[in-house]
Amino acid sequence: MRQVCSAVTVRFLDEAVADYFDDCVDQGLSPDRFARLWLHTHPGSSPLPSGTDEETFARVFGKTDWSAMFIVARRGATYARLRFSAGPGSEVELPTSVDYGREFGGTDGTAWEAEYAACVAREEPQPFDHPELDGFDWFRDRPLFSRKEVGLEPID
């Protein structure tokens, strides 16, 4: 899905979300079949949900009868939680891991990189005036994630 990201934020383009919903409905799917999962990455080593993650999960998925949040951080750290509202409602953390060592039917690193380049735009940080940081660029030539950080190459 087309989005604009910084090292610590993500903003999905409204038209990209609408197009995704339209495409799924055109394929005969109802939202309860495609709009229940909040899967995303974190730039650091902690997969624990942030306050923004919790707010988004509650706002976007809070009215569904069930939904799940899954977060992948660096070095393969993961977090997953299932929430359901049937009966008294509850939520439970799920043990998870990602096996980067096995290929699967959709494995195509070149296509993944092309889709990433087409859909993910970098949001540059707003400049601020601080004399000790003159000329310092936090994000110079740095992708949001390297192939190594997302598990596509071995970690040293």
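The values are calculated or read from the model by the stated rules, or taken from the named source; none is laboratory data. Computed from a predicted model, the values in this text were never measured in an experiment. Virtual Cβ from ideal backbone geometry, glycine too; neighbours counted across all protein chains shown. The accessibility values were calculated without ligands, DNA or RNA, using every heavy atom of the protein model including side chains. Shrake-Rupley method; radii C 1.70, N 1.55, O 1.52, S 1.80 Å.
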- prompt: In nanometres, what is the gap between the two model label sites at Ala118 and Arg36, each 7 Å from Cα along Cα-to-Cβ?
  reply: 2.9 nm
Cα gyration tensor shape of the stretch 1-70, rounded if a/c is under 1.5, else prolate or oblate by comparing a/b with b/c: oblate
- prompt: Amide H to amide H, which residues 5 or more places from Leu94 or on other chains are under 5 Å from it, using H placed in the peptide plane?
  reply: Ala80, Arg81, Leu82
- prompt: At a probe size of 1.4 Å, how large is the accessible area of Asp99, to the nearest 10 Å²?
  reply: 90 Å²
message: Between Arg11 and Thr64, how high is the FRET efficiency from 1/(1 + (r/R0)^6) when r is the Cβ-Cβ distance and R₀ = 25 Å? Nearest 0.05.
response: 0.65
query: Where both residues lie in the stretch 1-116, what percent of DSSP beta bridges are antiparallel, nearest 5?
result: 75 percent
Backbone HN-Hα couplings from phi across the stretch 36-52 [Karplus 6.51/-1.76/1.60, Hz, Gly and Pro as x]: 10, 10, 10, 9, 7, 10, 10, x, x, 8, 9, x, 5, x, 7, x, 5
task: Mind running the shape call on the stretch 1-124? Use the C-alpha gyration tensor, a ≥ b ≥ c as the square roots of the eigenvalues: rounded below 1.5 for a/c, prolate if a/b tops b/c, oblate otherwise.
output: rounded
- prompt: Counting only residues 5 or more places away or on other chains, whose amide H sits under 5 Å from the amide H of Trp66 once H atoms are built in the peptide plane?
  reply: Ser85
